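Here's the structure we're looking at; comments come further down.
The values are calculated or read from the model by the stated rules, or taken from the named source; none is laboratory data. This is a predicted model, so every value here is computed, not measured. We place every Cβ from the backbone using ideal geometry, glycine too, and count neighbours over all the protein chains shown.
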């Protein structure tokens, strides 16, 4: 907690010194969002505004609280920092406002590709791109004499060599925690296998397919090279394994990889061997087994126009081009902000975009599919049931949920 | 007491109960009978930093009109209760017909979220509750014999597990039993199996959760029993001693009968608490191995798309479950009461 506060304070100080433009607001601003470093910087930038209070609530549980916090009138949160998956829940319940007028008034300096436009209306302002891609230990791969894997099959082969040569017992890392993380890995791998989660043009599930079975088999094969506790490991725990030098190969978020080895107490060999590459393909496909993400901010619907304007101004200050002069902030993410010069840490996400990785689907019913996958695939991963049964269960769980929500 | 006096005495409590117990129950029952409207979907052009594409989204105006018409949503009766996420009537019937043996039927039943949650919850309730009572009694008897000067500090430390916020307590234990944690590593060394992991095996995870349950709640039972022990009739104990009763016999025939009403009380509270087991499952990240009804509610509300009706139905089932579980104890208390009048 102390470190986090310290980091925010550091980012604030850096911002104060770099942003020459003063930011004046006249109404309250309250921001809810995820907690990774880049978002901390955006929150700190918004808080640099003076004239009224700017509150932030940045937590990994943001998606559990942002919708209830915006449904009231007036809404508790005037802005939610979201990604392409989580904006859907806010759109479904109609709690965010179109930003066209505010963009026209205060949005100078925004690039066209930052504007998330749905049916001709600007609903969010994106500030960074994200994707999962390969993070590896160059020194370990050198020791076994292989190139960084381009496919998951090569990753398995390298993992086998690392284990057999006694370098590491469980060389593969993966955020396979039951729930959201496990489902995300399935979504990645399934798209890489050429699958599509829904039947074309409908909300009917389409995962109990040959590609689905191959996806699960690959995930299972990878998990054999993971820490046996993999079903409890989220991104944070997986990164901790990498930092501790227990893992040599993993598929990790760009937004977390950039600052992976800058934590305290990471062994020197891990810092030196740390390397990033693009996402991997699987099963002979050409589209990577990954998804493209953007992170952006929205403005609540149920607030006064003054608050909306203040929020917009503060959030614009949180993504001001002046921040790009700060080396530390610049490495935190692949920013979409004007004036951003990519750092080495951005290589993986750029490669993902260059390889035509599919963006995470923004469908109204994708969240239900994600939840169903996260709960129903664990039996297969534990080895308690067949891949067919797990996929059948996931489809059944999704159908029950989709019926309840009126999608089927 | 006069009826009038009773009325005025009871009024504040009654109002609070109406406001904080009855009304939420009515609300949750209502929510479980209604679901959101049929989604009106449209395909529109969506532009993101990566590309513009035709994507499906919800038609806000049409949805707003539907909500205006019937704000409660669609009335679906007990449909949510019988769907796969809850009692799963049709899935259970199908499992019954398609399975050759009872074991196979149970296996298929365990594949349905509700029955899987019930399976763990029931085992948890009936293992943890008696153990908590036994442990609490043992600690109380032990502390009662401690030198008066040390008593304060011993009581303080015995109470600690109950004082710690449940989620924090669960996290502390979670890291200790990690395969790289102090208990996890010690177990690996003792078993001589470096790949042993408490978190990777369903059976061991269940045991860990139950140990946590006992660890956390035993101090509660201890405090109650310890208070009870202070009211022990010394003349009865002395009489038993003169009659030649051994220590064990005194415990069996004097102390335990004296504490019996308290045992009932602790059992009642613990049955209720353990049926709602939740924090350790979240703290231990154990949802791959064990789920409970409370966890199911949390999961319904925690996804990117919230399922309020489903969560409401599970809540109603939880209330019914608690009532069912408590009914034998309540009936007994009622009979005792009537016997006295």
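Candidates in the stretch B:132-182 are the residues that are within 14 Å of chain A (Cβ to nearest Cβ) and not in a helix (DSSP H, G or I); of these, the one that is nearest to the chain's Cα centre (by Cα) is B:178. Taken together, the residues in the stretch A:236-258 that are under 17 Å from residue A:177 (Cβ atoms), more than 13 Å from every other protein chain (Cβ to nearest Cβ) and modelled with pLDDT under 90 amount to 1.
When the stretch A:224-252 is filtered for residues that are touching a strand residue (DSSP E or B) at 6+ places or on another chain (Cβ under 8 Å) and not in a loop (DSSP other than H, G, I, E, B), the ones remaining, listed by number, are A:235, A:238, A:239, A:241, A:242, A:249, A:250, A:251, A:252. Quick one: is residue A:348 within 9 Å of chain B (Cβ to nearest Cβ) and touching a helix residue (DSSP H, G or I) at 6+ places or on another chain (Cβ under 8 Å)? The answer is no for residue A:348. Put simply, of A:376, A:404 the only residue that is at negative phi, surrounded by 21 or more Cβ atoms within 10 Å (Cβ to Cβ), free of Cβ contacts under 8 Å to residues at least 12 places away in the same chain and within 10 Å of another protein chain (Cβ to nearest Cβ) is A:404. Put simply, of A:38, A:48, A:44, A:27 the only residue that is in contact with a helix residue (DSSP H, G or I) (Cβ under 8 Å, 6 or more places away or on another chain) and farther than 22 Å from residue A:327 by Cα is A:27.
Only one of the numbered conditions (1) surrounded by fewer than 18 Cβ atoms within 10 Å (Cβ to Cβ); (2) at the interface with chain A (Cβ under 9 Å from one of its Cβ atoms); (3) under 24 Å from the mean Cα position of the chain (by Cα) is not met by residue B:85, and that is (1).
Would you confirm whether any residue within the stretch B:195-211 is surrounded by 15 or more Cβ atoms within 10 Å (Cβ to Cβ), at pLDDT below 90 and more than 25 Å from residue B:122 (Cβ to Cβ)? Yes, that holds for at least one residue. Return the residues of the stretch A:198-216 that are in contact with a strand residue (DSSP E or B) (Cβ under 7 Å, 6 or more places away or on another chain) and within 14 Å of chain B (Cβ to nearest Cβ); say none if nothing qualifies. Within the stretch A:198-216, A:198, A:204, A:205 meet the criteria. Residue-level analysis places residue B:316 among those that are more than 14 Å from every other protein chain (Cβ to nearest Cβ), within 16 Å of residue B:34 (Cα to Cα) and in contact (Cβ under 8 Å) with a residue 24 or more places away in the chain. Mind checking whether some residue in the stretch A:3-11 is farther than 14 Å from residue A:320 by Cα, at pLDDT below 95 and outside any helix (DSSP H, G or I)? So far as the stretch A:3-11 goes, no, none of its residues is farther than 14 Å from residue A:320 by Cα, at pLDDT below 95 and outside any helix (DSSP H, G or I).
Of the residues making up the stretch B:42-62, those that are closer than 22 Å to residue A:401 by Cα and facing chain A (nearest Cβ under 7 Å) number 5.
Picking from B:252, B:247, B:276, B:332, which residue would you name as being touching a residue at least 40 places away in the same chain (Cβ under 8 Å), more than 30 Å from residue B:168 (Cα to Cα), away from chain A (no Cβ under 14 Å) and out of contact with any strand residue (DSSP E or B) (no Cβ under 6 Å at 6 or more places or on another chain)? The conditions single out B:332. Filtered by the rule that a residue be surrounded by fewer than 21 Cβ atoms within 10 Å (Cβ to Cβ), away from chain B (no Cβ under 11 Å) and either touching a helix residue (DSSP H, G or I) at 6+ places or on another chain (Cβ under 8 Å) or within 20 Å of residue A:233 (Cβ to Cβ) (or both), the stretch A:153-186 gives A:156, A:161, A:163, A:165, A:167, A:168. If the condition is being surrounded by fewer than 16 Cβ atoms within 10 Å (Cβ to Cβ) and within 16 Å of residue B:29 (Cα to Cα), then the stretch B:62-81 contributes B:72, B:75, B:77, B:78.
The set of residues in the stretch B:187-224 that are in a helix (DSSP H, G or I) and more than 22 Å from the chain's Cα centre (by Cα) comprises B:187, B:188, B:189, B:190, B:191.
Checking the stretch A:334-353 against the condition returns a match, with at least one residue being over 29 Å from residue A:66 (Cβ atoms) and buried (at least 17 other Cβ atoms within 10 Å of the Cβ).
With respect to the conditions (1) assigned by TED's automatic domain parsing to the domain that holds residue A:391; (2) without any contact (Cβ under 8 Å) to a residue 40 or more places away in the chain, residue A:305 falls short on a single one, namely (1). The residues listed here are A:357, A:371; of these, the one that is touching a residue at least 12 places away in the same chain (Cβ under 8 Å), closer than 30 Å to residue B:288 by Cβ and not assigned by TED's automatic domain parsing to the domain that holds residue A:209 is A:357. If you go through the stretch B:30-56 and pick out every residue that is part of a strand (DSSP E or B) and without any contact (Cβ under 8 Å) to a residue 12 or more places away in the chain, you end up with 6.
Quick check on the stretch A:130-150. Is at least one of its residues touching a strand residue (DSSP E or B) at 6+ places or on another chain (Cβ under 6 Å) and within 11 Å of chain B (Cβ to nearest Cβ)? Yes, the stretch A:130-150 has at least one match. Scanning the stretch A:351-369 for residues that are part of a helix (DSSP H, G or I), within 17 Å of the chain's Cα centre (by Cα) and at the interface with chain B (Cβ under 9 Å from one of its Cβ atoms) returns A:353, A:366, A:367.
Scanning the stretch A:291-300 for residues that are on the phi < 0 side of the Ramachandran plot, outside the structural domain of residue A:145 (by TED's automatic domain parsing) and assigned to a loop (DSSP other than H, G, I, E, B) turns up at least one hit. Evaluation of residue B:273 against the conditions (1) surrounded by 14 or more Cβ atoms within 10 Å (Cβ to Cβ); (2) not in a helix (DSSP H, G or I) shows that the sole unmet condition is (2). Every test in (1) crowded, with 18+ Cβ neighbours inside 10 Å; (2) within 11 Å of chain A (Cβ to nearest Cβ); (3) closer than 30 Å to residue B:38 by Cβ is passed by residue B:301 save one, and that test is (1).
Counting only helices (runs of 4 or more DSSP H) wholly contained in the stretch A:20-122, the ones carrying 1 or more residues that are free of Cβ contacts under 8 Å to residues at least 24 places away in the same chain occupy A:62-71, A:100-106. Do the conditions hold for residue A:147, that is, is it part of a strand (DSSP E or B) and modelled with pLDDT of 95 or more? No, not satisfied.
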